[in-house]
Structures are given as C-alpha cells and as structure tokens.
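Down below is the structure, laid out as structure tokens.
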Amino acid sequence: MAKYLITGGAGFIGSTIADTLLEQGQTVFVVDDLSMGQVKNLKPTDQMHFFQHTITDHEYMNDLLDREKFDYILLIGAVASVADSIADPGRTHAVNAEANFNILEHLRAAKLSFKSLLFISSAAVYGNLPGVPKTELSPVEPLTQYAVDKYSTERNVINYHTLYGMPTMAVRPFNVYGPKQNPKSPYSGVLSIITNCLLNDSTFNQYGDGEQIRDFTYVTDIADCILALLQEPKAIGQVINIGTGNKASLNEVIEIIEKIAGKKLQRKVLPERAGDIKYSYGDPSKLNNLGLKTKVDLNTGLKKYWDSL
Ligand code: UD2
C-alpha cells in the first residue's frame, strides 16, 4: 500500500479522491487550512492523517515532505474560485502559485523521490479566445489571477519534469460538480449555488443571459481519472484536459435541475461577471487515448447530486 499527500484534501475534489484511496486501503495525508474544506468531509480512519495547516507555510510543508517520504503527491489545495481570486489576488497568488512552487522546488533541492505528482490546473487557462472545443494545444489566455496562477504552476510542474526529470503531470478539469461542494461560499461552483437556492427557496443571482456554455463534469469522474493518471507512465510530463466533451448552457442546466427538483428556480438577472468566460468546453481525446473517460452524463450526475443533498 502507498502513501499519498493531498493538499486541499478536506475540500470538494480532494476529499472525494481521499475517500477512494481509503477504500483501496492506501494511507492518506491531508494538509488543509479549512478555508473552504470541511473536517466532516474526511473519513476518520487509522489510514487518514489530517493536518489543519496552510500550504503557504513553506517550512512546515518542507518538514512534512522530508519526514513522510510520500509515494504520490496531489497538489489540489487552492483558492478554488475565479471570482474569489478577483476579490483577493494576493492570497490567490500565495496559495495557488507560491505554495506549489515551494513544494516542487523543495522536492528538487532535497532530492526527494516519489512515484508521481499531479497538479490540478484548470480549464480557466483557455480564457475567452475563439475556438472551442479546447484541446491541450489550444492557445491560452489566463484572464484572472486564478487562471494566471494555475497556468504558471502548470508550467512549473511540467518544466520540473523536462528539466529535472521529476515524474510530474497536470490536469485541466472543466467545471466540476457533485456532493461535498461547499455551497456556503458565494464563490462556490454555480451548481452548488443553484441547488442551494432551490432547497432554500432563495433567489439565484444569474450573471449574464444564462447562455454561457460549460462542460459540467461529475466529481467522481474527475477523481477516478486523476487516480488512474497517477499510475500511467504515459501521463508523465503531460497536461491533460478532464471533461466529458459535452456542453450545456446555464439555462439548459437550470431546466434539468428544475425538472429533477420539481420546482422553478427564482432568478435575478445581473450583468455578466468580470473575468467570466463565455464558452468553456473541451476536447478530452488526450485523456481518452490513454484509455480513460468520464462515465457520468449530465442528467445522471445532476440526479445523483440532487439526491445526495
Ligand atoms: C469554474 C471553477 C474554477 C475553474 C473553472 C474551469 C468553481 C467555483 N470554479 O469556474 O475553479 O476550474 O471552472 O473551467 O467551481 N454564475 C452565476 N451565478 C452564480 C455563480 C456563477 O450566474 O451565483 C455563473 C458564472 O458567471 C459563470 C458560470 O455561472 O458564467 C459558472 O461559474 P462558476 O463560478 O461555477 O465557475 P467558472 O466557470 O467561473
């Protein structure tokens, strides 16, 4: 059995991955400052080691890496929202860029060996340039601090493979949804905000005309692909989109959820949000060519998500 480090492991995606690893009998170390993550997301088993700490404490992270000698490292801890990064670019940079750079650089300088490291970048790096679906070779246009930091860390992660031979990789998930996404923050993913509004009969603030396009991807699909990629030698040194390859407008998604919930969403239409991307969906061929693909379609995923609430 192997030893995994998950930064941000108490959060939405990180804790979903941790659940799967614990089921496999692996040992999981989580570092999370609980700014978005929640202790209740973590299964309290002997194999789970939780440290409530910020990844921006470089000395702390370096000591942990030296001491524990992880087999696999998952860099998931992040200011997870585009809007949040616009509100606080300084903190975003410290968490999403500097903390990850410190980890990479410490692994190199201290000559720590590990089996593989995966960084969760984002489809947000593609920005608003024309040309969809996005492939990994599409030009990038990081429009916000969130996207800039995701892109720069992604480059570092790949360069530490090409320059120093480290077994690293990065993925660009499209919009992730599903159980455990924290709806309390106004900066949470749109689907958790919508379901929360439906449950509480509160009004949903819709930014723009609702015709923005996204590829909504179910969280267990993201988790399964990530865990498979960690074991895939062909993924080393690569940047890989993770998405379904299907697209839906916000209006379409709302229509599906309304049917599932059996009620209408009250909406207030506001101007488009600064830094927002209009059309975001990708081509998952590179993932598929490695024998991996998402399994949960939007109708099934939204039903599963609604039933979990
Ligand atoms: C999401 C992820 C981000 C990144 C990216 C990759 C979240 C919070 N953000 O950014 O981490 O990986 O996808 O593609 O999951 N909207 C409303 N009302 C609201 C909230 C959102 O109308 O209350 C709109 C928003 O203006 C946008 C769309 O819904 O057009 C999706 O917004 P989002 O914040 O869920 O995600 P996005 O695509 O900015």
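The values are calculated or read from the model by the stated rules, or taken from the named source; none is laboratory data. Note that the structure is predicted; figures quoted are calculated from it, not measured. Using ideal geometry, Cβ is built from the backbone for each residue, glycine included, and neighbour counts are taken over all protein chains shown. For the accessible areas, the whole protein counts, side chains as well, though only heavy atoms, and no ligand, DNA or RNA atoms are used. Shrake-Rupley method; radii C 1.70, N 1.55, O 1.52, S 1.80 Å.
Only sites in a loop by DSSP and with at most 14 other Cβ atoms within 10 Å count here; which trypsin sites (Lys or Arg not before Pro) in segment 1-79 make the cut?
When the trypsin sites (Lys or Arg not before Pro) of segment 1-79 are filtered for loop state and at most 14 Cβ neighbours within 10 Å, LYS69 remain.
Would you mind telling me the share, in percent, of accessible area of the chain contributed by carbon and sulfur at probe 1.4 angstrom?
Roughly 52 percent, rounded to a whole number.
Can you bin every Cα-Cα distance in segment 19-175 into 10 Å intervals starting at zero and give me the percent of pairs per bin, rounded to whole numbers?
Computed distribution, short to long bins: 10, 37, 37, 15, 1.
Taking only C-alpha pairs under 8 Å that are 6+ residues apart, what is the relative contact order of the chain in percent?
Relative CO of the chain lands at 18 percent.
Give the residue list of trypsin sites (Lys or Arg not before Pro) in segment 256-300 that are DSSP loop and have at most 10 other beta-carbon atoms within 10 angstrom.
Answer in residue order: LYS264.
So for segment 1-129, averaging the separation of alpha carbon pairs under 8 Å that are six or more residues apart and normalising by length, what relative contact order in percent results?
26
Pick out, in residue order, every one of the GluC sites (Glu not before Pro) in segment 207-295 that is DSSP loop and has at most 15 other C-beta atoms within 10 Å; say none if there are none.
Those that pass, being in a loop and sparsely packed, are GLU211, GLU272.
For segment 107-181, taking Cα atoms only, what is the radius of gyration to one decimal and the Dmax to the nearest whole Å?
14.3, 43
With a 1.4 Å probe and all protein chains left in place, how much accessible area per residue does segment 1-65 have, in Å²?
With the other protein chains kept in place, segment 1-65 gives 42 Å² per residue.
Under Stokes-Einstein, with the Kirkwood radius over Cα pairs standing in for Rh, what whole-number D in µm²/s applies to segment 102-248 at 20 °C and 1.002 mPa s?
My calculation gives 126 µm²/s for D.
Heads up, I need the accessible area for ARG214: 1.4 angstrom probe, whole protein in place, Å², nearest 10.
Counting only protein heavy atoms, ARG214 exposes about 40 Å² to solvent.
Scale the Cα Rg of segment 1-65 by the rule-of-thumb value 2.2 N^0.38 Å and send over the ratio, two decimals.
That ratio works out to 1.03.
Can you give me the angle between helix 298-308 and the longest principal axis of the chain, using Cα atoms only, in degrees from 0 to 90, rounded to the nearest 10?
Once rounded, one gets 80 degrees.
Which order do you get for THR56, THR162, THR195 if you rank them by accessible area with a 1.4 Å probe, largest at the top?
THR162, THR56, THR195
Please list MET36, MET61 from largest to smallest accessible area, probe radius 1.4 Å, with all protein chains kept in place.
MET36, MET61
If only Cα atoms are counted, what is the Rg of segment 235-297, and what is its Dmax, in Å?
16.2, 47
Return the long-range amide H neighbours of ILE240 (sequence gap of 5 or more, or a different chain), with a cut-off of under 5 Å between placed amide H atoms.
It is ALA170, VAL171, ARG172, by chain and number.
How many Å³ per residue does the convex hull of the Cα positions in the chain occupy?
120
Helix 219-230 against the longest principal axis of the chain: what's the angle in degrees, Cα atoms only, rounded to the nearest 10?
Roughly 30 degrees between the two axes.
Please find, in a Gaussian network model of the chain (springs between Cα atoms separated by less than 10 Å), the residue of GLY291, GLY127, GLY77 whose mean-square fluctuation is greatest.
Residue with maximal mean-square fluctuation among GLY291, GLY127, GLY77: GLY291.
Ranked highest first by the average count of other Cβ atoms within 10 Å around their residues, in what order do 145-154, 225-234, 117-126, 44-53 fall?
Highest mean packing first, the order is 117-126, 145-154, 225-234, 44-53.
Report the equivalent ellipsoid semi-axes for segment 27-90 in whole Å, largest first, defined as the square roots of five times the eigenvalues of the gyration tensor built from alpha carbon atoms.
23, 16, 10
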